[in-house]
Amino acid sequence: MKDTAPLPTAPLRARAEIDLAALRSNVRALRALAPGAALMAVVKSDAYGHGAVPCARAALDAGATWLGTATPEEALELRAAGLPGRVMCWLWTPGGPWRQAIEADVDVSVSGMWALREVTAAAREAGLPARVQLKADTGLGRNGCQPADWAELVGAALRAEADGLIRITGLWSHFACADEPGHPSIAAQLTRFLEMTAYAEDQGVRPEVRHMANSPATLTLPEAHFDLVRTGIAVYGISPGPEIGTPADFGLRPVMTLAASLALVKHVPGGHGISYGHHYVTPGETTLGLVPVGYADGVPRHASGTGPVLVGGKWRTIAGRVAMDQFVVDLGGDRPETGAEAVLFGPGDRGEPTAEDWAQAAGTIAYEIVTRIGTRVPRVYVNEDRDG
């Protein structure tokens, strides 16, 4: 008789462990920092690499009442997964899936007349009013309507609302330098936003929400909280920047831990070149550990020679270049077993590096470190049960 016993589960080459209890705790901490505002959990770019649907569900469990995405496709994915509540998306291009968004009860952002024309046409086709939020460019210089064009956009939106084609549900903008406390643009943008929203309301706009605060503004600028705060990176327990403070300063805990299993441990002599270009040469006899992740998995090549890794309770540094699928650490003569854990980053409370440590090593920001972790790295969700 054939043996049907299950095979033992092999250890994963690499994994990104996502602690949903930490995420829920972060959402509660952020709500406490902005008690007079509703909270939007931004889950764009697959929840900054953490997994959009599980993280969105956890955020809603913890009291977020809005979900935010960049693209309409991201918003529609949330609806397809059955997620309730308000969902907003803001990065549209001509010919986008306006009708699908309207039918899915998604709030859409409009920054100019072309978008208003397209969304009203889609609303006619759908036979449903579109939920539209008007975005003001108060100084960031990306998306959003310039002050000189605001009157035209507001007027046209009000006419479309009178025709039953749209409902103007929000007025909003975005900061350029909220992660730089004291930057003069912060006060200037706040003033401009108040002016532009006041004009719209004087003309008859009655928004459900006015919002401008991103994560750094939520943490440091209570005067910018208005009716809704849009928290992105802070939901995942990462500070918007060292100038703002550490996650612990705000009661936040990093949600992602990235780890891999050593694929090889071997002894090499001194003078041995390591990885492409031999940018690292062993200074003497030593042991090397092969970590089976590389830039195809999102490990930044810019961290070659600088990226920190915890192996055997000690910080190691990437030896030589990061390759597509792997990199090497010099273990200094230590001999962990093949298959031993190498922790690239996590919350830091076990002595491991954090995403901010990797950002410093690669000359970037922690947002990029977590967001770039690729689909070859499975997400493993822990603490999925709601904890109150």
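What is the calculated FRET efficiency for S185 to L158, with r their C-beta to C-beta distance and R₀ = 22 Å, to the nearest 0.05?
Computed FRET efficiency for S185 and L158 comes out at 0.15.
What does the charge count near A38 come to, summing +1 for each Lys or Arg and -1 for each Asp or Glu among other residues with Cβ under 12 Å from its Cβ?
+2
With both bridge residues required to lie in the chain, what share of the DSSP beta bridges run antiparallel, to the nearest 5%?
45
For the chain, what does -39500 (n - 2.57) per DSSP helix run (n ≥ 4), summed and divided by total residues, give at 222 nm, in deg cm²/dmol to the nearest 500?
Per the formula, -8500 deg cm²/dmol.
How large are Rg and Dmax for region 28-103 when calculated on the C-alpha trace, in angstrom?
Reported Rg and Dmax, both Å: 12.6, 40.
How would K135, K266 rank on accessible area, largest to smallest, probe 1.4 Å?
K266, K135
Per the Cauchy relation, a quarter of the hull surface: what is the mean projected area of the convex hull of the alpha carbons in region 20-157, in nm²?
The number I arrive at for region 20-157 is 9.0 nm².
Compute the acute angle (0 to 90°) between the alpha-carbon long axis of helix 20-33 and the principal axis of greatest extent of the alpha-carbon atoms of the chain; round to the nearest 10°.
40
More than 16 Å apart: what percent of Cα pairs in region 184-247 qualify?
Percentage above 16 Å: 52.
Summarise the accessible area of the chain (1.4 Å probe, protein heavy atoms) by the percent that is carbon and sulfur.
After summing per-atom areas, the C and S share lands at 52 percent.
Taking only C-alpha pairs under 8 Å that are 6+ residues apart, what is the relative contact order of the chain in percent?
About 18 percent, as a whole number.
Please express the shape of region 76-183 as an equivalent ellipsoid: the semi-axes are the square roots of 5 times the eigenvalues of the C-alpha gyration tensor, given largest first in whole angstrom.
24, 19, 11
Across all directions of projection, what mean area in square nanometres is found for the Cα convex hull of region 328-388?
Orientation-averaged projected area of the Cα hull: 6.6 nm².
What's the extension gain from R13 to H267 if we count 0.36 nm per residue and subtract their Cα-Cα distance?
Residue separation times 0.36 nm, minus the Cα-Cα distance, leaves 89.3 nm.
Going out from 0 in 5 Å bins, what whole percent of all Cα-Cα distances in region 140-222 drops into each bin?
Cα pair-distance distribution for region 140-222, in percent: 3, 14, 24, 23, 16, 11, 7, 3, 1.
Using alpha carbons only, how many degrees (0 to 90, rounded to 10) separate the axis of helix 52-61 from the longest principal axis of the chain?
Result, in degrees: 70.
Which value does Rg/Rh take for region 189-288 over its C-alpha atoms, Rh per Kirkwood?
Here the Rg-to-Rh quotient is 1.36.
Could you give the accessible area per residue of the chain, probe 1.4 Å, as a whole number in Å²?
Accessible area per residue, the chain: 43 Å².
Once you place label points 7 Å from the Cα toward the Cβ at T246 and D349, how far apart are they in nm?
Result for the modelled spin labels: 1.3 nm.
Counting other C-beta atoms within 10 Å, and keeping those with at most 16, which DSSP coil GluC sites (Glu not before Pro) do you find in region 275-371?
Those that pass, being in a loop and sparsely packed, are E285, E337.
Report, to one decimal in Å, the Kirkwood hydrodynamic radius for the chain based on all distinct Cα pairs.
22.8
Work out the charge dipole of region 239-329 with +1 on the Cβ of Lys and Arg and -1 on the Cβ of Asp and Glu about the Cα centre, then indicate which of A259, G245, G312 is farthest towards its positive end.
Of the candidates, G312 comes out farthest on the positive side.
Note down the nm distance, to one decimal, between modelled labels 7 Å out along Cα→Cβ at D325 and at V382.
Going from the D325 label point to the V382 one covers 2.8 nm.
The values are calculated or read from the model by the stated rules, or taken from the named source; none is laboratory data. Fair warning: this is a prediction, and the values are worked out from it, not measured in the lab. A quick note on method: Cβ atoms are made from the backbone with ideal geometry, for glycine too, and the neighbour counts reach across all protein chains shown. For the accessible areas, the whole protein counts, side chains as well, though only heavy atoms, and no ligand, DNA or RNA atoms are used. Shrake-Rupley method; radii C 1.70, N 1.55, O 1.52, S 1.80 Å.
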